[in-house]
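Heads up, the thing below is written out as structure tokens.
The values are calculated or read from the model by the stated rules, or taken from the named source; none is laboratory data. Just so we're clear, the structure is a prediction, and the values are computed from it rather than from any experiment. Glycine gets a Cβ as well: all are built from the backbone with ideal geometry, and neighbour counts include every protein chain shown. SASA here: full protein model, heavy atoms, side chains in, ligands and nucleic acids out. Shrake-Rupley method; radii C 1.70, N 1.55, O 1.52, S 1.80 Å.
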Amino acid sequence: QVQLVESGGGLVQPGGSLRLSCAASGTIFRIYVMGWYRQAPGNQRELVARITSGGSTTYVDSVKDRFTISRDNAKNTVYLEMNSLKPDDTAVYYCNADIRSVAGPLIQPFWGKGTLVTVSI
């Protein structure tokens, strides 16, 4: 089995910073794209940022120049550094990864359970 576990969420004031981490574990053969999504109350889940195994990154326009995604392939971990946080960034943040397990050639998407980020005074 493969598991993704997020950490690092919490309450922060506007203008503050947080760093999210997501570690993948289990019967992993290879991890391809890793990413962060978020879902605010009443909204659909949206892509925040994604990073390929080679380090190419993509961001949603609303977080460009504020958020940075990175990964440590040796640790099967992806990070999201969030700066200049705004109340609109309040959401549950989910980790996602496309993973091929040792069980076979199929590449499947896996999700973490989410970590809450609240930006408020």
What do you reckon, is residue 38 in contact with a strand residue (DSSP E or B) (Cβ under 6 Å, 6 or more places away or on another chain), in a strand (DSSP E or B) and open to solvent by 50 Å² or more (accessible area, probe 1.4 Å)? no
Please specify each residue of the range 92-117 satisfying the condition of being under 30 Å from residue 13 (Cβ atoms) and out of contact with any Pro (no Cβ under 8 Å at 6 or more places or on another chain). 92, 93, 94, 95, 111, 112, 113, 114, 115, 116, 117
Of the candidates 120, 70, 84, 56, the one satisfying the condition of being in contact with a helix residue (DSSP H, G or I) (Cβ under 8 Å, 6 or more places away or on another chain) and open to solvent by 40 Å² or more (accessible area, probe 1.4 Å) is 120
Residue count for the range 51-81, restricted to those that are more than 22 Å from residue 31 (Cβ to Cβ) and either over 14 Å from the mean Cα position of the chain (by Cα) or touching a residue at least 40 places away in the same chain (Cβ under 8 Å) (or both): 5
Taking the range 93-117 and keeping only residues that are open to solvent by 40 Å² or more (accessible area, probe 1.4 Å) and either touching a His at 6+ places or on another chain (Cβ under 6 Å) or not basic (Lys, Arg) (or both), one is left with 98, 102, 103, 105, 106, 107, 108, 109, 110, 111, 116
